[in-house]
Each structure stands twice: as structure tokens, then as C-alpha cells.
1. Of the numbered conditions (1) β-branched (Val, Ile, Thr); (2) assigned to a helix (DSSP H, G or I); (3) more than 14 Å from chain A (Cβ to nearest Cβ), residue B:285 satisfies every one except a single condition; which is it?
2. Within region A:4-14, is even one residue assigned to a loop (DSSP other than H, G, I, E, B), surrounded by 14 or more Cβ atoms within 10 Å (Cβ to Cβ), in contact (Cβ under 8 Å) with a residue 24 or more places away in the chain and among the charged types (D, E, K, R)?
3. Mind listing just one residue for me: the one in region B:191-240 that is of a type in the set (Gly, Ala, Ser) and free of Cβ contacts under 8 Å to residues at least 24 places away in the same chain and, of those, nearest to residue B:156 (Cα to Cα)?
4. Any idea how many residues of region B:464-484 are part of a helix (DSSP H, G or I) and surrounded by fewer than 22 Cβ atoms within 10 Å (Cβ to Cβ)?
5. Of these, B:211, B:234, B:216, B:220, which one is modelled with pLDDT of 90 or more and either out of contact with any strand residue (DSSP E or B) (no Cβ under 7 Å at 6 or more places or on another chain) or within 14 Å of another protein chain (Cβ to nearest Cβ) (or both)?
6. Answer with yes or no whether residue B:342 is polar (S, T, N, Q) and touching a Pro at 6+ places or on another chain (Cβ under 9 Å).
7. One residue is enough: does region B:678-690 have a residue meeting the conditions in a loop (DSSP other than H, G, I, E, B) and either at pLDDT below 85 or crowded, with 21+ Cβ neighbours inside 10 Å (or both)?
Amino acid sequence: MSPSTLELCPSVKNIILLDSDGKRIAVKYFSDDWPTNSAKETFEKFVFTKTQKTNARTEAEIAIFENNIVVYKFVQDLQFFVTGSDEENELILSSVLQAFFDSVGILLRGNVDKKAALENLDVILLCIDEIIDGGIILETDPNVIAGKAASNSIDSGAPLSEQTLGQAFASAREHLTRSFLK
Amino acid sequence: MAQPLAKKDDDRDDEADYSPFMGIEKGAVLQEARVFNDPQLDARRCSQVITKLLYLLNQGETFTKVEATEVFFSVTKLFQSRDLGLRRMVYLIIKELSPSADEVIIVTSSLMKDMNSKTDMYRANAIRVLCRITDGTLLTQIERYLKQAIVDKNPVVASAALVSGIHLLQTNPEIVKRWSNEVQEAVQSRAALVQFHALALLHQIRQNDRLAVSKLVTSLTRGSVRSPLAQCLLIRYTSQVIRESGNNTQSGERPFYDFLESCLRHKSEMVIFEAAKAITDLNGVTTRELTPAITVLQLFLSSSKPVLRFAAVRTLNKVAMTHPMAVTNCNIDMESLISDQNRSIATLAITTLLKTGNESSVDRLMKQITNFMSDIADEFKIVVVEAIRSLCLKFPLKYRSLMNFLSNILREEGGFDYKKAIVDSIVILIRDIPDAKESGLLHLCEFIEDCEFTYLSTQILHFIGIEGPKTLDPSKYIRYIYNRVHLENATVRASAVSTLAKFGASVDALKPRIFVLLRRCLFDSDDEVRDRATLYLSTLGGDLENDEDVRDFLFGSLDTPLANLESSLKNYVPSEVAFDIRLVPKEVKSQPLTEKKAQGKKPTGLGAPPSAPPSTVDSYERQLLSIPEFANFGKLFKSSEPVELTEAETEYAVNVVKHIFDTHVVFQYNCTNTIPEQLLEDVFVIVDASEAEEFSQVFSKPVRSLPYDSPGQTFVAFEKPEGLPTTGKFSNTLKFIVKEVDPTSGEAEDDGVEDEYQLEDLDVVAADYILRVGVSNFRNAWESIDPDSERVDEYGLGPRESLSEAVNTVINLLGMQPCEGTEVVPPNSRSHTCLLSGVFIGGVKVLVRLSFGLDGAKDVAMKLSVRSDDVSVSDAIHEIVASG
């Protein structure tokens, strides 16, 4: 396949979710531009430092780094990034970012912060999986995405009565270990 | 008071520290993964463990082959569970583990079962997983299911199959191509994204069949495409079809333009922008075609969304490079973007304005930029500086305010790259705009008074040494230079000493004073500084007779290539015989191709040895003079850009540079052998000058040996009538002896075969005899030339595509420098005046005023006025135009 035809299809190079210290929460790369983990980390660090001074809280912001377009949006202590090639339609990338941002918002019930994101990492990973498949946009409607990711999520906040006995034990054991670890 | 404060801190600590993955460790998680093997599966716990595994992978942790295999095997056990959530996690981790072929077999049956399940979620995901991990052999087994899935009524399933098809097409095209009927059906789907994915796949299946793609686009542009993404895709395919259809529909409307234009009224911004971008990218787009696209982009400029503003200003910035006038309507919106919060947008807006601005708006713009510069990062500042540099070259009359701006920002804080960009720009302006020289040099002098970068200081000192003595009052620079000797580090002190010596050598009046200063340098603490001072004192102090030698030593460029000198010095063994620089080979060693390509980017500014445009001429001249046969040809007047004589990617790549001397023309053929198995020897070019009667060949210099991938030069020299712009056509044949090279040993065989290779023809045209030299003030220059030398005539240029095409044709024909930006024709104008300047062979300055008028529909008429120091040159220009 000639690269020119591949480029014709809108594509996303990566989706990145960082905390407010620039540490990874969840990332997914679809391009070979960053072959190693350290190359990925360097890119994330670069993008993180370059965007710190900007205010991407009300509207998504945009910049070009190393011939890539990065669109990003921040909320609380979370930072959402979507990267595409510099030939890509900026608004398509922005719609992917919005899809990611909004579906996470729906899934975390508006309580979008680092703590909730880590506690529901499975849902967030599913969410990314539902938005992009191998760089190709799969879905951009946040409600559809959230629906697909959530129907399968285990609601950790569900009351005990709704859990089976085994699950209750598991959850209790987990709470106990957690308090020990503290 | 202290208590609540402490409590608050505690809270924050808790929050910051808390993470479900705190203290997570790979070994422990792998242990935990044993729960997958439990006979009584705890779905919730298994999901959590998978999440932990995914977390580790996500953080960059890697599993060894054994670990991955072990996890994979236990994960396959989880297919027993009927828990939906767990199954989703299982799919995810299988994709992440990317199992090997023999492992895939284990899950194949489970996944195939899921593919036929009643649950859509299972089906869609099983398809995606299976297609991700499978190889070709398995694909034939599941092909039937995939074809069904493509036309499945559930959009999620259909999309999953289609997207998998797009990926599989790269590895198993012959299989995927069999699905085109189903894909075609899916293109008609009511589900927006299914349509998008189907269109992408269908296009990729048919990409090599131009006619089919064209048909596809034709039918879809008429129909209704539902999803904005699919519409964007269709726009991209349409532009591709337009591009490939070429210019065969010169006359009428451009095909599909109406479709693109109609997309500008789409309800989705994404589509509007895609269409606008496609229109601006059209080959040879006309102003009329551009206008609607520019209008929507202009609306985006005032959007509340930064992404929209960015996209629009970036596109307009690109348009401004080729069609500056088309963008001027947006100038007011652009100006308000200078204060945009997003600095990328602001920088793009400024550089666009600098491209579209006219002479009268420069001052106002500079005022705005000054405020803006203080709060952007260096990388943006560099972009702005470069834009200002080209603006200044476009409007030389405005050099004063632009030069002031540059000197102001030079004084402000900034990193090395930024400062270097400013200094480079000032240097270029000094070289290209004579009027700017004095003030520019003073700005540089002031800068080195307080410059923290040794590199820049030495470069500037070197530059002052060359340019300073040529100014009206060289003495005023001495103070700045001598200050360096007191205040700087050894490197800068040494170059300051050299610069002083240059002033001493060039300006006799200053010589005694320079001597005093140089003598003081003899007591410097650094060896290099003292050595230089001693050397210069003795060379300058010598007899007047060797004045020329001194100058040569100080200003002459080293005619020996540094690389050769270096290798000779390395090989030199200290002995009775002193090192002799004359024994160092002067021929430029052939460079590997790659390096040559890298040089394609012309170094500019200080980095470029002697000076930017003349540098190539200088180096050519030196190279040519190193060949004894050319030594008596006199001064090189002009060297052309290389002209390719072979198609790209042929066996032998040859281009030619035309060197024009007063009574001679030398063709320099740069030949590259691109066949690794061949060595070429005795390579030369046979030139047939039967269509160039006034030229007679005097000399030919072959290349002895031309190994693979290292270019060599062969020369052919012709004599021609003195000082006349003699033209002619030459046909060329490359002759050589081919020797086979053993690819393993790299040694060539002893016997070679004579062979020849036909090259393209070469023309020597009138433009070869004219140097592109600009003037800063055309009117002054025009009036300073004797009006009696003026020759005026009118010409009909016949039907032309556009006025600007006619202007460019004449500019290229004459090979002269357009002045004051007059090469740009405003859109929709019926007449245009273009000002050109140049130097004719023999060093005669010549100015041309061209008035174009559109007569009737497409006929262009031109009035040509020429003034020159030599009337015969004015006539010659007319002759060129008349015969061109």
C-alpha cells in the first residue's frame, strides 16, 4: 500500500492521558514514530512541558510539535492529548479529543480527576479502544462510546447488597489491603 | 490556626499519594494472575488483575517471552466466564500481548465462537481481536463470517469488520479485495460511521484503478454522504482525482470544483474546513476559485474555538506564500489575532501579515509586533525574525524601520538560536541592501559590546573585518573592535586582533594607529592572541611592494579545501622537509551523495562562507581556477543553477552548470554513477555545437574515474564572441569506459568496454548573461542613468493564461531581479508594471521597466523601457525580448 493512500484516511497517532505532573495515566500509540518506551516518554514530557502555560480548560487548545499536531484539553488534575500528523485536519483531531474527553466525563459521572481515572482505569482503556482502532477512528459520539465501555464496567461503587458474597469478600479484602498499604 | 492548616496539608498528601496501583510490582501481579486458573472464576477479581497487567504495560513495563506466554495461556481460560465485563478485558489484554502464531491457535476457536454469538458486543470485538492477531492462513477460514459481518445490520459489527479489513488489506490484499461487493453495499449504509469505514476500505481496494476511483467519486459526489468523516474522506479522494486528471481541462471549469465549493456550505465545520483546505491546495488555483474558501476561513478566524482559529490561520498562512493578495481581505481579523492567547496562532497571524502586508502597512505592523515579541517563546521569535528578513528584502525602502526593529530585539534577552537568527538577518540585509550597511554594522558593533556568545562575537568580528573597511568612515569601528581585546575571552580577543589587522591592511590612513593597538596586544596572556599580533605586525610592516600579498593573506579565501589540508597535515611526518601547502591537492574530493543532498539547503547568514548568493560563484570560481586551462579565462561572470540532463533515477545522473566568462563559456557536467556494480573511467561529454555556430570548443577535461555514488566533474570549454550574449543549443553525449565491479570484493575488472549515454540538450540563453542584482530604490537608480540610453518599444505577447503568467515569463526570459515586490500581480488587474534590475555581461548595470496591459480577453501587450550605462546593452535587452 502506498503511503499516500494511507494518509488520505484520517488517522490518529496517539491518545495520551496524563496527570498534572506529566505522569502517565493511560496512553495508546498507533504510530511507529515513537518506537521505544523512552521515545514515548520523551514525547509526553515534551508535550507536557510545552503546554503547561496554556489554559486548555474551557476550550481545547492546539499546537504543533515536531511536525505533529497536538490537540489537548485539561480538567482538574487530568490532561487529555490527541496527536496527529501535521497534514491532518485539525478539526478531525479535535473531534477525537472531544470524544475521548466527553466519554470519560460520562463514564466517571462528571467526577473527572486523577483519583477517579486511576480507579476506573479499565473503563478508560476500554474507552480508548472504542474510539480508535489501529489509528483509524472507530467512533466519535461520546454517548455511544461511553455506552459501549460502560455496559461492561464493574461498578465499584455499587452497594454491597448487589454484590455476590464472593465479590463482597473480594472487595472487603481489597479495602483491608489498601488500608494496610497506607 | 495551625491545626486546620496542618489538616489541610494532610488531606492533600492523602489525595496525592492515593492510587490503586501504589507500590504495584510486576512479579506480584504475575503471581496474582494465577486466579485465572481457579476452577471457580471470580470475574471481578480477574478483571482487576487484568487491569493491573494493562496498567503495567501502559507504564512501559515489558514482559519476557515466558511471562507473556504464561499470562496469555491463563487468560485463555477466562473464556469460560460469561461475565461481559471480564470478556471485554480479555479482548483488550489479548491485543496488548500480541501472541505469536502458535499461541493464536489456542484462542481461535473461542474467538470464532464469539464471532457467531448472539451478543453484538462479542461479535464486534471478537472480529477486531481475531483480525489483529491472525495471519493469512486463518483468514480464509473466517472470511465468510467477515463478509457477513460487513453487511451486518448492527453498525458496530459492520464497522469492526470494515476497519479490520482496512488493516488486513496491507497484509492480505488478495483476500480483502474479494469483499468489494459487500463493501460496496456497506457504503450505502444508513449508519454514519459504517459509511465512513466502508468508503475508506472501498477506496483502498480500488486505489490502483484510476477509472474506478474516478467513478466512485463521481457517483458519491452526486449522492448524499451522511457522516462528516465520510464527507471529509470524499473531499480528499476528490482532490486526488482532480490532481491526477491533470490540466487537460484547461479551458472550462475544473471538474468537481463545484462539489468542493458546495462542501463549504456543509453544516459540519470539519467538512467546511476540509473543503477549504482542498481548494487552497488545488494545483494552479485561481483567485476566483480561492475566494469562497478564503471567505469561510476568514469566518473561522473569529471563532471562539482555538482549534478553528489555528486551522484557519495556518491554512491562510500557506495561501499567503503563493497568493498574498487573496489573503489581504483577512488582514483585519489577522491583526486581532496578534494578541491571541495561543501563541502559535499569534505567530502564524503575524507571519501571514508580514507576507501579505504592503509597504505602507509595514510601520504599523512593526509597532504591533514589538509588543508581541516580549511574551512569546524563542522558537516563535525565530519564525518572526525570518519573516521580517524576507519582508525587508521585499521592501528595501523600509529597511530603516525593520533594521531598527531587529536591533531592538537584538538587545533584549534571548537564547543563542534566536540571537543567531537576528544576526544572520542583519548580515543578509547588509549584504543585499547597500543603504543598510552603515547602520547595520553599527548595530552589530553595539551588540558585540554585550554579547555572551563567543561564536556570534567572532563571526561578527570577521564580518566587520570584511565590510567595515569599505565604509565611508572605517575609523569609527576601531573602538568597538579594540574594546573586545580588553574585555573578552581569548577566542574573541584573537579574532578582534585579526579584524584590526584587516582594517590596517585596507585603510592606509589607519595603519599607524592600528600598529599601536597591535603592539599592545603583544602582551596578551594568551598565546594565540600574541601570535596573531606578531604575525600581523610583521606582515603589515613589510614593504609596500608585497601589499598585494598581505591583502591576499588577510582576505583571500583559502583555495585549498580544508578537508584536504587536514588529511595532508595528518599524514605529514615531521622531518627536514617543511610542510608545503602547495603540495596539498586542490581538487575537491568527491563527496558521498547523501552529504551532497544535505548541502542542498543553502547555508545563509554567517554560517555561509564568504557571502550567501556569491558564495556558490566564489567556490565555483576557485574550483575552476584550480584547473590550469581555465586560469586565463579571466573573471567568472555568472554560474547558472544546475540544469538536469538526465531523468531522475536513471543509471547515470548528470547535471550541468554553465559558467559564463567574458570570452568563454565553460560547461561543468556533474556526473554520478548510480550503479554499484560499475566503475566508469575516462568519462567525458561529447558536445555537438552545430546549432551554436558562434561557439567553438577549445578544451575538454574528462573525469579519470567515476566510482559508484561519488560525483565527479568533467568540463568542456567554448570560446565565444567577447561580451556578447551569444546563444545556442548544444546536444550532449556522455562517453566512458565501463568496468564491472565485483560486488563482494569491490574490485573492478581490468578490462572495460566503451559505452555512451545520450543526455538531454542544453541551451545557453540570454538570461545566462545577466546577473540578478537588485537595487534598493528603483526610482533613484532609474533617474541616475542617462535618459538618452533609454530604449522603448512595444510588444504583443499574444494570448496568455493570465497577466501574472506573462510577467513571470518575461522575468525568466531576462533572468533579472524583480524590485519592490513588483513581480506579484494583484488579482483581477488589467494592467501591471514590473521593475527589474540586473547586471549585464561586462558589468553593465541595466534597469527595465515593464508595463503590461490586458487587451481583449487574454491578449497581453507589453511596453518595455530599458535604461543602461551602455546603449548597446539596452538594445541587446530588446533583442532578447524580440527573439524570445
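The values are calculated or read from the model by the stated rules, or taken from the named source; none is laboratory data. Values in this document were obtained by computation on a predicted structure and should not be read as measured data. Neighbour counts run over all protein chains shown; Cβ positions are idealised from the backbone, glycine included.
1. Exception for residue B:285: condition (2).
2. The first filter runs over region A:4-14 and keeps only residues assigned to a loop (DSSP other than H, G, I, E, B), leaving A:9-10, A:12-13.
Narrowing the set further to residues that are surrounded by 14 or more Cβ atoms within 10 Å (Cβ to Cβ) leaves A:9-10, A:12-13.
Next cut, in contact (Cβ under 8 Å) with a residue 24 or more places away in the chain only: A:9-10, A:12-13.
This time we only want the ones that are among the charged types (D, E, K, R), so: A:13.
Looking through region A:4-14, at least one residue is assigned to a loop (DSSP other than H, G, I, E, B), surrounded by 14 or more Cβ atoms within 10 Å (Cβ to Cβ), in contact (Cβ under 8 Å) with a residue 24 or more places away in the chain and among the charged types (D, E, K, R).
3. From region B:191-240, those of a type in the set (Gly, Ala, Ser) are B:191-192, B:198, B:200, B:212, B:214, B:219, B:223-224, B:227, B:230, B:239; that's our starting set.
Right, trim to free of Cβ contacts under 8 Å to residues at least 24 places away in the same chain and you get B:212, B:219, B:223-224.
Details: B:212: 28, B:219: 26, B:223: 24, B:224: 21 Å.
Here the answer is B:224.
4. Of all residues in region B:464-484, those part of a helix (DSSP H, G or I) come to B:464-470, B:475-484.
In the following step, the residues that additionally are surrounded by fewer than 22 Cβ atoms within 10 Å (Cβ to Cβ) were identified as B:466-467, B:469-470, B:475-476, B:478-479, B:482-483.
Looking only at that region, the number is 10.
5. Numbers: B:211 fails: modelled with pLDDT of 90 or more; B:216 fails: modelled with pLDDT of 90 or more; B:220 fails: modelled with pLDDT of 90 or more.
It is B:234.
6. Values: polar (S, T, N, Q): yes; touching a Pro at 6+ places or on another chain (Cβ under 9 Å): yes.
Yes; evaluated as a whole, the condition is true for this residue.
7. Within region B:678-690, the first condition is being in a loop (DSSP other than H, G, I, E, B), and the residues that meet it are none.
No, the conditions are met nowhere in region B:678-690.
Here's the yes/no breakdown for (1) under 25 Å from residue B:436 (Cα atoms); (2) out of contact with any strand residue (DSSP E or B) (no Cβ under 7 Å at 6 or more places or on another chain); (3) without any contact (Cβ under 8 Å) to a residue 24 or more places away in the chain:
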site	(1), (2), (3)
B:474	yes, yes, no
B:478	yes, yes, no
B:493	no, yes, no
B:499	yes, yes, no
B:502	yes, yes, no
B:514	no, yes, no
B:519	no, yes, yes
B:532	no, yes, no
